[in-house]
Amino acid sequence: MASAPSSSSTGTGGLHLPDSARDLVKILVAGPFGVGKTTLIDSVSEIRPLHTEEHMSEASVQVDDLAGVRDKTTTTVAIDFGRISLAGGVVLYLFGTPGQERFRSLWADIAYGALGALVLVDTRRIDDSFDVLGLVEETGLPYAVALNTFPDSRPYTEDQLRRSLDLDPGTPMVSCDARDANSSIDSLLALVQHLIARDRPETW
Amino acid sequence: MTGRRSGRPLVPAYLSTGGVARPSRNSLERLSVLTGGEHVPDGLPAARHALLKALDGGSLTVVETAALLELPVSAVRVLAADLIDLGLVSARPPVPLAALHDPDLLKRVADGLRALKQ
């Protein structure tokens, strides 16, 4: 959905940035495989979600380079992203970021300069989210948790979930349906409001 | 994130840069904005030519350019840095780290998201 028009041109599928684009910011949509990261990005992105192929061995060094790309042990992983042009010249990018420990260095590269992370959790597979929560806390990125609800999700109480995920009392936790644009926007808003609250000096 | 959804790129990453592994500048980030000039000179290597053509008609971020050209972000960093050195592309950095906590910026993000709700 997200209706902001971008200038169209042949070959680039209307991908060029709108002239109004001034402040480009990003939020990570993090979580294990199959939790609904791409679904959430797709529900709010103004462009069809794109992806880049990232080479794991190349990402395993701090200085980003191509050394080792010909190495047979190199694996690639596709990183999805979407874009939302907001009023006021802000363009928000959402990067679907896998949470496994083996993506640690790729994670650091993508997380650099991010506002924060929305961690998607499938309550049927809570254990799968431990890695990603570990990584996000290690990076020091502020985050909010969005529980992507499925029809057969068990009705845990908020307290039970907070305890199993070992969440700080100040970390927002919301339910969302990643297929629904409004619901996805609400989850992103929960994160951004958290960022505003924690950056307000009087709360220190 | 999903597995590979399209075919192999036309040019393998390590060939696209002509064997150069590191960009000539380290300032290009995923959200750096690349803008091309009016003029696409003849005789550029294919991947550099393709990058300039992608910027024909508007600006793109590094990560969008990588997605369009089906190249890793690191390869686009090398190519774009080279084109910047040649004066054929200009780059604008994303919001600096120090400004990410700017209450005004965060408020504009929140207001912008609210305005999208239907």
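The values are calculated or read from the model by the stated rules, or taken from the named source; none is laboratory data. Only a predicted model underlies this, so the values are computations on that prediction, with no experimental measurement involved. Ideal geometry is used to build each Cβ from the backbone, glycine not excepted, and the neighbour counts take in all protein chains shown.
The one condition from (1) within 18 Å of the chain's Cα centre (by Cα); (2) surrounded by 15 or more Cβ atoms within 10 Å (Cβ to Cβ) that A:Arg179 does not meet is (2). Looking across A:Leu94, A:Leu118, one residue alone is in contact (Cβ under 8 Å) with a residue 40 or more places away in the chain, closer than 23 Å to A:Ser164 by Cα, aliphatic (A, V, I, L, M) and in a strand (DSSP E or B). It is A:Leu118. Cβ separations smaller than 7 Å between residues 6+ apart or across chains give the following pairs from region B:35-46 residues that are farther than 16 Å from B:Ser90 by Cα to residues that are modelled with pLDDT under 90 and part of a loop (DSSP other than H, G, I, E, B): B:Pro45/B:Gly18; B:Ala46/B:Val11. Scanning region A:130-166 for residues that are touching a Ser or Thr at 6+ places or on another chain (Cβ under 7 Å) and among the polar types (S, T, N, Q) yields A:Thr149, A:Ser153. From the list B:Leu105, B:Leu100, B:Leu55, B:Leu31, the one residue that fits, being closer than 30 Å to A:Ile196 by Cβ, crowded, with 22+ Cβ neighbours inside 10 Å and of a type in the set (A, V, I, L, M, F, W, C), is B:Leu31. In this entry, B:Val33 is excluded by the filter for residues that are modelled with pLDDT under 90 and under 16 Å from A:Val25 (Cβ atoms). Could you list, in sequence order, all residues of region A:142-166 that are closer than 14 Å to A:Gly31 by Cβ, touching a strand residue (DSSP E or B) at 6+ places or on another chain (Cβ under 9 Å) and in a loop (DSSP other than H, G, I, E, B)? Hit for region A:142-166 is A:Thr149, nothing else.
Per this entry, B:Asp56 is not counted among residues that are at pLDDT 90 or above and more than 14 Å from the chain's Cα centre (by Cα).
Restricting the first member to region A:167-195 and to residues that are more than 21 Å from A:Lys26 (Cβ to Cβ), and the second to residues that are assigned to a helix (DSSP H, G or I), the beta-carbon pairs closer than 7 Å and six or more apart or on different chains are A:Met173/A:Glu158; A:Met173/A:Leu161; A:Met173/A:Arg162; A:Asp177/A:Ser183; A:Arg179/A:Thr39; A:Arg179/A:Ser43; A:Asp180/A:Ser43. Restricting region A:104-113 to residues that are more than 8 Å from chain B (Cβ to nearest Cβ) and in contact with a strand residue (DSSP E or B) (Cβ under 7 Å, 6 or more places away or on another chain) leaves a set whose member that is modelled with the highest pLDDT is A:Ala111. Name the residue, out of B:Ala21, B:Ala98, B:Ala66, that is among the aliphatic types (A, V, I, L, M), at pLDDT below 95 and out of contact with any Leu (no Cβ under 6 Å at 6 or more places or on another chain). Testing whether each residue is among the aliphatic types (A, V, I, L, M), at pLDDT below 95 and out of contact with any Leu (no Cβ under 6 Å at 6 or more places or on another chain) leaves just B:Ala98. Within region B:76-92, which residues are over 18 Å from A:Phe95 (Cβ atoms) and either within 7 Å of chain A (Cβ to nearest Cβ) or crowded, with 24+ Cβ neighbours inside 10 Å (or both)? Residues satisfying the conditions are B:Val78, B:Leu79, B:Ala80. Scanning region A:55-75 for residues that are modelled with pLDDT of 50 or more, within 9 Å of chain B (Cβ to nearest Cβ) and either over 22 Å from A:Ala30 (Cβ atoms) or surrounded by fewer than 17 Cβ atoms within 10 Å (Cβ to Cβ) (or both) returns A:Leu66, A:Ala67.
Residue-wise test of (1) more than 7 Å from chain B (Cβ to nearest Cβ); (2) touching a helix residue (DSSP H, G or I) at 6+ places or on another chain (Cβ under 8 Å); (3) at pLDDT 95 or above.
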position: A:Pro32; (1), (2), (3): yes, yes, no
position: A:Thr39; (1), (2), (3): yes, no, yes
position: A:Thr52; (1), (2), (3): no, yes, no
position: A:Gly82; (1), (2), (3): yes, yes, yes
position: A:Gly88; (1), (2), (3): no, yes, no
position: A:Tyr93; (1), (2), (3): no, yes, yes
position: A:Gly99; (1), (2), (3): yes, yes, no
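Considering region B:1-18 alone, what residues qualify as being at pLDDT below 70 and assigned to a loop (DSSP other than H, G, I, E, B)? Within region B:1-18, B:Met1, B:Thr2, B:Gly3, B:Arg4, B:Arg5, B:Ser6, B:Gly7, B:Arg8, B:Pro9, B:Leu10, B:Val11, B:Pro12 meet the criteria.
Residue count for region B:58-69 under the criterion of being touching a residue at least 24 places away in the same chain (Cβ under 8 Å), assigned to a helix (DSSP H, G or I) and surrounded by fewer than 24 Cβ atoms within 10 Å (Cβ to Cβ): the result is 2. Among the residues of region B:93-110, those identified as at the interface with chain A (Cβ under 7 Å from one of its Cβ atoms) and out of contact with any strand residue (DSSP E or B) (no Cβ under 8 Å at 6 or more places or on another chain) are B:Leu97, B:His101, B:Pro103, B:Leu106, B:Lys107, B:Ala110.
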